[in-house]
Amino acid sequence: MIQGIGASAGIAIGKAFVLPNWEWDVPEQKIDVTDLAKEFDRLYEGIKTSKDEIEQMKGELREVVGTAESHIFDAHLAILDDPIFMNEVQGIIQRQYKAAEVAVKEAIDHFVTMFDLLDDEYMKERALDIKDVGNRLLKHLLGAPEITLPTDTQPFILVAKELSPSQLAHLNPSHVLGIVTLAGSTTSHSAIMARALGIPLVVGVEGKLIEPIQTGDSLIIDGAKGEMLVRPSKLVTDRYKMRRSSQLEEKKKLHRFVGVKPVTPDGKTIELAANISSLKELEVALRAGAVEVGLFRTEFLYMDRHSFPSEQEQFEVYKAVAQKLDSHPVIIRTLDIGGDKQLDYFEIPEEDNPFLGYRAIRISLDRQDLFKTQLRAVLRASHYGHVKLMFPLISSVEEVQKAKKVLEEAKQELRQENLPFNENIEVGVMIEVPAAVLIADLLADEVDFFSIGTNDLVQFALAVDRMNEQIAHLYEPCHPAVLRLLKITVDAAKRKGIPVGVCGELAGDARALPIWLGLDVDELSMSSYTILQVKERLLRTNQEDSRRLLDDIMKCRTSQEIYDQLETFNANVDQLQQIPQAASPAQMD
């Protein structure tokens, strides 16, 4: 078995189709000084044709995966308009008298090499974007044909060194069982699109192959675990087929809980909400049984484009989400960029510790023009549904007060313009910094609700970057210190009478459900595909039993002791053959 990185969940079993590298052979070709105008004309015509092609792909993709994911191609369009890239190409033509295609190839190689040398995963992904756009332009300058996929209808597992968004956009999801890439990461554009399309994806297997994969080889991939098997035995194949069938059957069984209210046998209700970043994801969440949104990640409206979204553009998206939820709540988090989330058009100075630097609410309070534009859009959308507002990465009372001051200014402007909004919009903060936990009682006086972001809280509390392979094993969501931070937060919220939810990955881990029941949280917000798993466990689990368990695990000295107690508790819950509360009309949402 080859261990890669799981980037899009699901098991795929089938024959490999190896995609040739999309690299054009461009021989050195000089031109005469009298041909300069002709070469520039060829270059500009190639750019125009490439732009038209990208716009067409963007429109086609929007129908399949939604608006947010289709914005990936705005970054590609921006490259063709980028003065630095184009000046490099034009300079090679004009100063070195080289043909347009030679100049484009040299410019691609220059920027890709420069970005690849940087120890920054985000910039490495941008290098792939430049290569993708540059190769598209080269294709038109050379008059070369597209590399085509198999034309028959036999499904296959696609294997490539790296897969560009352009190539992925041309795939027919019904023909592609799964994808393997030698390079790539879970945050790449291709990974985002694969997840949106529901295609299993394993990345990062380069250097782990004993011999190259050949077209026609039998493959098995597990996109959740990052596993790949080449030419597996019949026994192994049968085992994975059983696992895949079991997953599909379990998914089918869980579907019967879509309309059932999330209530424990002893009467505790925890609202199960969805984390989303686009309207398309909302539609998936609603099909999975979510009736509200506990986290709308608005930064995805800002990413993969060439400028900040306008107030009107944001308003239309927020309004559409509010209306689709039909009076059920949506918590809209203000812009959370910086750290691992960068914008091509908004330069953040290089920092030694970007996760501890200029990001999230710190940027919003520094750039209040951008902040107010977003707040106005959220306020206007609040007229059309149950919209709540949430500020990320809060570490002090002063930050909340400053943010609320800008919010009040936005409200006053809308009043003067006679634009309707909810005057009493609820305002909350994310608890994801240990400092926020320690002043949770003070923050509770300033806001209407808390939402615990477990991902950052665990990282900051334990000083562990979970993306760092050398120390990722130290990232322990059930570390005794983390559980104490969670308890302090929830207890402070309860004393002050405000609701508290959870929106990090631990919220969607069914194993952790007894912790949330024991703490008495009000809402869990998670990825859509985990909602029914958590609901099924919730319908079996008593809150009183969970409270007793929490008392026990709060005395544990190690993470392993906590996991052992959770495993034993959940095993006993799972032994129940029937859900104590069978679905009935009275229990339907």
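Of the residues F40, F17, only one is of a type in the set (A, V, I, L, M, F, W, C), under 30 Å from K241 (Cα atoms) and modelled with pLDDT of 85 or more; which?
Only one candidate qualifies: F17.
Pull up segment 175-215, narrow it to residues that are within 13 Å of L158 (Cβ to Cβ) and of a type in the set (G, A, S), then point me to the one that is modelled with the lowest pLDDT.
So, considering only residues that are within 13 Å of L158 (Cβ to Cβ) and of a type in the set (G, A, S), the one modelled with the lowest pLDDT is S190.
Do we have L235 as modelled with pLDDT of 85 or more and surrounded by 19 or more Cβ atoms within 10 Å (Cβ to Cβ) here? Before you say what the answer is, go through the steps one by one.
Working: modelled with pLDDT of 85 or more: yes; surrounded by 19 or more Cβ atoms within 10 Å (Cβ to Cβ): no.
So L235 fails the test.
Looking at N135, is it at pLDDT below 85, assigned by TED's automatic domain parsing to the domain that holds S50 and not small (G, A, S)? Full working, then the answer.
Values: at pLDDT below 85: yes; assigned by TED's automatic domain parsing to the domain that holds S50: yes; not small (G, A, S): yes.
Yes.
Select, from Q575, Q543, Q560, the only residue that is of a type outside the set (A, V, I, L, M, F, W, C) and under 20 Å from T489 (Cα atoms).
After ruling out the rest, the residue left standing is Q543.
Given the criterion closer than 18 Å to D366 by Cα and either crowded, with 17+ Cβ neighbours inside 10 Å or under 17 Å from the mean Cα position of the chain (by Cα) (or both), identify the matching residue among F308, F296, F346. Steps first, answer last, please.
On the way: F296 fails: closer than 18 Å to D366 by Cα; F346 fails: either crowded, with 17+ Cβ neighbours inside 10 Å or under 17 Å from the mean Cα position of the chain (by Cα) (or both).
Exactly one of F308, F296, F346 is closer than 18 Å to D366 by Cα and either crowded, with 17+ Cβ neighbours inside 10 Å or under 17 Å from the mean Cα position of the chain (by Cα) (or both), namely F308.
Every residue, every condition in (1) farther than 17 Å from I332 by Cβ; (2) touching a Lys or Arg at 6+ places or on another chain (Cβ under 9 Å); (3) crowded, with 24+ Cβ neighbours inside 10 Å, yes or no:
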site: Y358; (1), (2), (3): yes, no, no
site: I363; (1), (2), (3): no, no, no
site: G385; (1), (2), (3): no, yes, no
site: K388; (1), (2), (3): no, no, no
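Which pairs do you get when a residue that is closer than 14 Å to S559 by Cβ and without any contact (Cβ under 8 Å) to a residue 24 or more places away in the chain, found in segment 475-499, comes within reach of a residue that is among the aliphatic types (A, V, I, L, M) and in a helix (DSSP H, G or I), reach meaning Cβ atoms under 6 angstrom, with the pair 6+ apart or on two chains?
Going by the 6 Å Cβ cut-off, the qualifying pairs are A481/A461.
Just to be sure before I move on: is D441 part of a loop (DSSP other than H, G, I, E, B), in the same structural domain as W516 (by TED's automatic domain parsing) and in contact with a helix residue (DSSP H, G or I) (Cβ under 9 Å, 6 or more places away or on another chain) in the structure I sent?
no
Hey, among D326, D369, D344, which residue is charged (D, E, K, R), within 16 Å of F300 (Cα to Cα) and either in the same structural domain as N275 (by TED's automatic domain parsing) or modelled with pLDDT under 95 (or both)?
Within the list D326, D369, D344, the selection yields D344.
Answer yes or no: is there a residue in segment 395-406 that is assigned by TED's automatic domain parsing to the domain that holds K324, surrounded by fewer than 16 Cβ atoms within 10 Å (Cβ to Cβ), within 25 Å of the chain's Cα centre (by Cα) and assigned to a loop (DSSP other than H, G, I, E, B).
No, segment 395-406 contains no residue that is assigned by TED's automatic domain parsing to the domain that holds K324, surrounded by fewer than 16 Cβ atoms within 10 Å (Cβ to Cβ), within 25 Å of the chain's Cα centre (by Cα) and assigned to a loop (DSSP other than H, G, I, E, B).
Taking S50 and the conditions (1) within 25 Å of K161 (Cβ to Cβ); (2) hydroxyl-bearing (S, T, Y); (3) modelled with pLDDT under 85, which numbered condition does it fall short on, given that it satisfies the others?
(3)
From the list I498, I531, exactly one residue is touching a Phe, Trp or Tyr at 6+ places or on another chain (Cβ under 8 Å) and under 25 Å from V330 (Cβ atoms). Which is it?
Being touching a Phe, Trp or Tyr at 6+ places or on another chain (Cβ under 8 Å) and under 25 Å from V330 (Cβ atoms) holds for just one of I498, I531, which is I498.
Kindly indicate whether any position in segment 375-390 is modelled with pLDDT under 95 and touching a strand residue (DSSP E or B) at 6+ places or on another chain (Cβ under 7 Å).
To start, the set of residues in segment 375-390 that are modelled with pLDDT under 95 comprises none.
No, because not a single residue in segment 375-390 is modelled with pLDDT under 95 and touching a strand residue (DSSP E or B) at 6+ places or on another chain (Cβ under 7 Å).
Would it be correct to say that Q314 is at pLDDT 85 or above and surrounded by 18 or more Cβ atoms within 10 Å (Cβ to Cβ)? I'd like the intermediate steps shown before the answer.
Working: at pLDDT 85 or above: yes; surrounded by 18 or more Cβ atoms within 10 Å (Cβ to Cβ): yes.
Considered against the rule, which asks whether it is at pLDDT 85 or above and surrounded by 18 or more Cβ atoms within 10 Å (Cβ to Cβ), Q314 comes out as yes.
Checking T530 against (1) surrounded by fewer than 22 Cβ atoms within 10 Å (Cβ to Cβ); (2) β-branched (V, I, T); (3) modelled with pLDDT of 95 or more, only one condition comes out false. Which one?
Just one mismatch for T530, condition (3).
Residues are listed down the side, and each one gets a yes or a no for (1) among the small types (G, A, S); (2) in contact with a Pro (Cβ under 6 Å, 6 or more places away or on another chain); (3) modelled with pLDDT of 90 or more:
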position: I5; (1), (2), (3): no, no, no
position: G10; (1), (2), (3): yes, yes, no
position: E45; (1), (2), (3): no, no, yes
position: I54; (1), (2), (3): no, no, no
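The values are calculated or read from the model by the stated rules, or taken from the named source; none is laboratory data. Predicted model only: the values in this text are computed from it and were never measured. Every residue, glycine as well, gets a Cβ built from its backbone with ideal geometry; the counts of neighbours run over all protein chains shown.
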